[in-house]
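The values are calculated or read from the model by the stated rules, or taken from the named source; none is laboratory data. Computed from a predicted model, the values in this text were never measured in an experiment. Here the Cβ positions follow ideal geometry from the backbone for every residue, glycine too, while neighbour counts run over all protein chains shown. The protein model used for the area step is the full one, side chains on, heavy atoms only, and it has no ligands, DNA or RNA in it. Shrake-Rupley method; radii C 1.70, N 1.55, O 1.52, S 1.80 Å.
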Amino acid sequence: MGKVIAIANQKGGVGKTTTSINLGAALASLGKKILLIDLDEQANATIGLGFSRELVDMSSFELLTEKQGIEDLIYKTNDKFLDLVPASIKLSNLANELSNKENKELILTKAIEAIKNDYDFVLFDCPPSLGIMIDNALFAADSVIIPVECEYFAYDALTQMVNKINQVQILKKRHHRSLTIEGVLLTKLDNRNLFGYKIVDKVRALFPTKTFQTIISLSSHLQEAPLHGKSVLKTAYHSRASKQFRDLAKEILKEE
């Protein structure tokens, strides 16, 4: 059965989508079969893998409103081992759609059961919020990767995300299910800025056993890759950014 990982942080701009796309591609490059589910109404993961959000007929919105089964929502990407369930702007109405629904935080858990055996990893690209979408993602996930930009406000927001995870852990125990922190991923490190390294030290002091050794640096290659609708492994395989995501994938597989 595949492992389900939510890539989540309520702080925006910390590299969740970049991590989702490129970690998915890196795991796929190692022969793992990956399904990336885009849960963000901005649909940046969808765009970053070469799809136009305006041309997507059915998306994760249909999945979460139970209008369509997941098997009918899976798109093939330009990577043999990386599939996608795209997002759309309709997700902005999800809270209203589910307002009167019972057990609404468990919809995604049930929705992915049909395909969990078909993939080695299912990744959720989560929106920057602590609302119903995050509840669904954390209840459905086995573990969480928390990307944290190497700057102070991102570090400060980390405790809120951990508190949310702790709340869900307590609730999941009642269903005899667990949720762990896969790791805190330090992102957007500017190697020329000493302050970034101070944040690295602070995060590692806070989570000494849960911070990935791999750090994702600021990179023009990472910024450019979505323009081509591909991962950085496809556009600049020998770049530092590509190597860092491949190292991250190996680090995750080592823990399996």
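Can we say ILE37 is surrounded by fewer than 24 Cβ atoms within 10 Å (Cβ to Cβ) and within 19 Å of the chain's Cα centre (by Cα)?
Here the answer is no, as ILE37 does not meet what is asked.
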| said: Please go through (1) crowded, with 21+ Cβ neighbours inside 10 Å; (2) under 18 Å from ILE132 (Cβ atoms); (3) of a type in the set (Gly, Ala, Ser) for SER20 and return the number of the only condition it doesn't satisfy. | reply: (2)
| Of the residues in segment 99-115, how many are buried (at least 16 other Cβ atoms within 10 Å of the Cβ) and either modelled with pLDDT under 90 or assigned to a helix (DSSP H, G or I) (or both)? | 6
| query | Only one of ALA28, ALA43, ALA6 is modelled with pLDDT of 95 or more, over 25 Å from LYS110 (Cβ atoms) and either open to solvent by less than 30 Å² (accessible area, probe 1.4 Å) or of a type in the set (Asp, Glu) (or both); which? | reply | ALA28
| request: Test LEU94 against the criterion of being open to solvent by less than 20 Å² (accessible area, probe 1.4 Å), farther than 24 Å from GLU182 by Cβ and assigned to a helix (DSSP H, G or I), and give yes or no. | output: yes
| Filter result for VAL85 (open to solvent by less than 60 Å² (accessible area, probe 1.4 Å), modelled with pLDDT under 95 and either closer than 25 Å to ILE132 by Cβ or not basic (Lys, Arg) (or both)) | no
| field | First in segment 230-250 and closer than 23 Å to ILE5 by Cβ, second anywhere and open to solvent by 50 Å² or more (accessible area, probe 1.4 Å) and outside any loop (DSSP other than H, G, I, E, B), Cβ under 7 Å, 6 or more apart | value | VAL232/HIS221; LEU233/SER29; ALA241/HIS221; ARG246/SER29
| remark: Of the candidates LEU253, LEU179, LEU233, LEU189, the one satisfying the condition of being at pLDDT 95 or above, within 26 Å of ALA28 (Cα to Cα), of a type in the set (A, V, I, L, M, F, W, C) and over 18 Å from the mean Cα position of the chain (by Cα) is LEU189
| Can you tell me which of LEU108, LEU63 is closer than 22 Å to ILE146 by Cβ and either among the basic types (Lys, Arg) or out of contact with any Pro (no Cβ under 7 Å at 6 or more places or on another chain) (or both)? | LEU108
| With (1) under 30 Å from ARG240 (Cα atoms); (2) more than 18 Å from the chain's Cα centre (by Cα) as the list, and LEU98 as the residue in question, which single condition is left unmet? | (1)
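Looking at segment 1-85, what strands (runs of 3 or more DSSP E) fall wholly within it and have at least 3 residues that are within 21 Å of GLY229 (Cβ to Cβ)?
Hits in segment 1-85: 34-38, 82-85.
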| Considering segment 116-144 alone, what residues qualify as being in a helix (DSSP H, G or I), in contact (Cβ under 8 Å) with a residue 60 or more places away in the chain and either of a type in the set (Gly, Ala, Ser) or open to solvent by less than 50 Å² (accessible area, probe 1.4 Å) (or both)? | LYS116, MET133, ILE134, ASN136, ALA137, LEU138, ALA140
| note | Quick count over segment 106-158, residues being β-branched (Val, Ile, Thr) and touching a strand residue (DSSP E or B) at 6+ places or on another chain (Cβ under 7 Å), is 7
| Top-ranked residue of segment 192-224 - restricted to ones that are within 17 Å of the chain's Cα centre (by Cα) and among the aliphatic types (A, V, I, L, M), ranked as surrounded by the fewest Cβ atoms within 10 Å (Cβ to Cβ) | ILE215
